[in-house]
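Colleague: First, the structure itself, so that you have it in front of you.
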Amino acid sequence: MGHARTGLANLGWNGFFEQAFAALGTEGLSLARVVREERERYLVCGELGEMVAEVPGRFRYEATDESRFPAVGDWVAVKPLSSDQALITAVLPRRSAISRKVAGDKTSEQVLAANVDTVLLVAGLDQEFNPRRIERYVAAMRQSGAAPVIVLNKTDLCPDLAARVAELRAVAVGISVHPVSALEEKGLDALHEYLRAAETIAFIGSSGVGKSTIINRLLGTERQQTGAVSVVGKGQHITSRRELMLMPAGGLLIDTPGMRELQLWGEEADVNRAFEDIEELSRACRFRDCRHGDEPGCAVRAALKVGDLAPERFRNYCKLQREALLLAQRQKLVEMKAKRRKEEETREPD
Ligand code: GDP
Ligand code: ZN
């Protein structure tokens with residue numbers, strides 16, 4: 001014990017992971033963090049410097065779920081094969097995970113970024129501005145384990161900023177909203193607050209909202225402030241891959257480009273948490289299991305009637321709840337199938 005994990009603290013290593021690693025009980029392994037992912041090959045950075053790592057074949061066989069595979073931001077235990085190649089023998093438990101349902105019909109969780117402290121959801125104040133979509137992202141992020149923050153970019157295009165911010169604050173109760181203009185370099189100072197040394201932040205949001213522009217600005221100003229250039233994964237220019245970057249002033253940043261489709265990954269309870277106002281209202285419904293349809297004494301419908309609750313917010317709430325329910329049913333089905341398959345496999349041949 002007392003192993004001096006030189007350089008790992010800079011990458012976000014802390015007591016949580018130290019404990020998790022100790023619990024693995026694996027002597028002789030090195031630690032590294034996944035910096036980039038490319039078709040099941042991983043660029044990792046850690047005690048042995050930068051290495052290209054792969055998961056062993058058995059991993060592929062045993063991993064029942066896509067989410068078990070290493071993701072950008074994960075801490076992994078590696079066994080070196082050469083000076084710059086390694087085998088990933090374990091993925092350490094995650095403190096947080098930003099996930100989505102994999103694109104298409106497959107019911108599987110895909111981790112976009114792991115061990116993120118703060119997730120910055122970026123939305124643009126242009127014609128694409130859509131509080132309903134932001135609600136979806138907020139709902140998905142509430143259960144990630146990372147603290148969500150909203151960045152409203154392109155304030156230069158918005159004539160009624162105060163109204164928009166107020167609209168969002170009503171939707172995202174208790175979440176900081178930062179209006180910025182990456183183009184005019186306004187409001188970005190507030191974002192530096194989240195780039196504390198050894199802490200990991202991630203940007204998510206639909207493409208075109210300005211994530212790359214913001215990140216490039218942050219990189220630029222940090223470099224000017226510190227004069228240092230120590231960037232992991234050649235992050236100076238933003239690529240189209242998911243990647244973890246070490247910022248000049250010490251914070252860590254994960255970029256998750258190209259997210260057009262964010263399908264909800266979570267449970268009904270998470271949706272409820274994103275709609276605390278509606279949950280609050282429904283506590284006043286006469287029936288505890290009120291579905292806010294045509295039940296008598298429904299406080300939610302009453303609020304809709306007098307205009308205390310926006311109908312589109314209520315519709316979105318219903319839609320997300322249906323989606324979460326459907327996903328739960330599909331997960332159950334997948335689990336049942338897997339169980340049956342296992343039973344068949346372990347059955348003794350006669
Ligand atoms: P990403 O897909 O989220 O990474 O978005 P980009 O950073 O590539 O930006 C998409 C477009 O929005 C580009 O044409 C940017 O120049 C533009 N853009 C980014 N930030 C701002 C801003 O603050 N104001 C305006 N007007 N345009 C911006
Ligand atoms: Zn009701």
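The values are calculated or read from the model by the stated rules, or taken from the named source; none is laboratory data. Model, not experiment: these values are computed from the prediction. Ideal geometry is used to build each Cβ from the backbone, glycine not excepted, and the neighbour counts take in all protein chains shown. Accessible surface areas use protein heavy atoms only, side chains included; no ligands, DNA or RNA. Shrake-Rupley method; radii C 1.70, N 1.55, O 1.52, S 1.80 Å.
Colleague: Using amide H atoms built in the peptide plane, which far-off residues or other-chain residues are under 5 Å from L309 H to H?
Modeller: Residues meeting the amide H criterion: L304.
Colleague: Between V306 and D289, what is the label-point separation in nm under the 7 Å Cα-to-beta-carbon projection?
Modeller: 2.9 nm
Colleague: Take the solvent-accessible surface of the protein heavy atoms, probe 1.4 Å, and return the percent of it on region 26-160 that carbon and sulfur atoms account for. Can you show the working numbers first?
Modeller: Numbers: 2490 of 5560 Å².
Carbon plus sulfur share of accessible area: 45 percent.
Colleague: Would you work out the relative contact order for region 3-91, in percent, from Cα pairs under 8 angstrom that are 6 or more residues apart?
Modeller: Averaging sequence separation for qualifying contacts and normalising by length gives 27 percent for region 3-91.
Colleague: Can you list residues whose amide H is under 5 Å from C298's amide H, if they're 5+ apart or on another chain and H is modeled 1.01 Å from N?
Modeller: Long-range HN contacts for C298: R286.
Colleague: Which aspartates and glutamates does K79 reach when only Cα atoms under 20 Å apart count, and residues fewer than 8 places away in its own chain are ignored?
Modeller: E18, E27, E37, E38, E40, E47, E50, E54, E62
Colleague: Which of the peptides 190-203, 140-153 is most tightly packed, and how do the rest follow, going by the mean number of other Cβ atoms within 10 Å of each residue? Let's see the in-between values first.
Modeller: Details: 190-203: 18.8, 140-153: 22.8.
Packing order, densest peptide first, comes out as 140-153, 190-203.
Colleague: Working out 0.36 nm times the residue gap between S176 and K342, then minus their Cα-Cα distance, what length gain in nm do you get to one decimal?
Modeller: Full-extension gain reported as 55.1 nm.
Colleague: Find how much the distance from F16 to E40 grows on full extension, using 0.36 nm per residue of separation minus their present alpha carbon separation; answer in nm with one decimal. Mind dumping the intermediate values first?
Modeller: Numbers: separation 24, 0.36 × 24 = 8.64 nm, distance 2.61 nm.
Result for the pair: 6.0 nm of gain on full extension.
Colleague: Still on this model: What are the aspartates and glutamates whose alpha-carbon lies under 13 Å from the alpha-carbon of K186, with same-chain residues fewer than 8 places away excluded?
Modeller: Result set, ordered by chain and number: D156.
Colleague: What is the spin-label model distance, in nm, from D189 to L157 if the labels are put 7 Å beyond Cα along the C-beta direction?
Modeller: Label at D189, label at L157, 2.6 nm between them.
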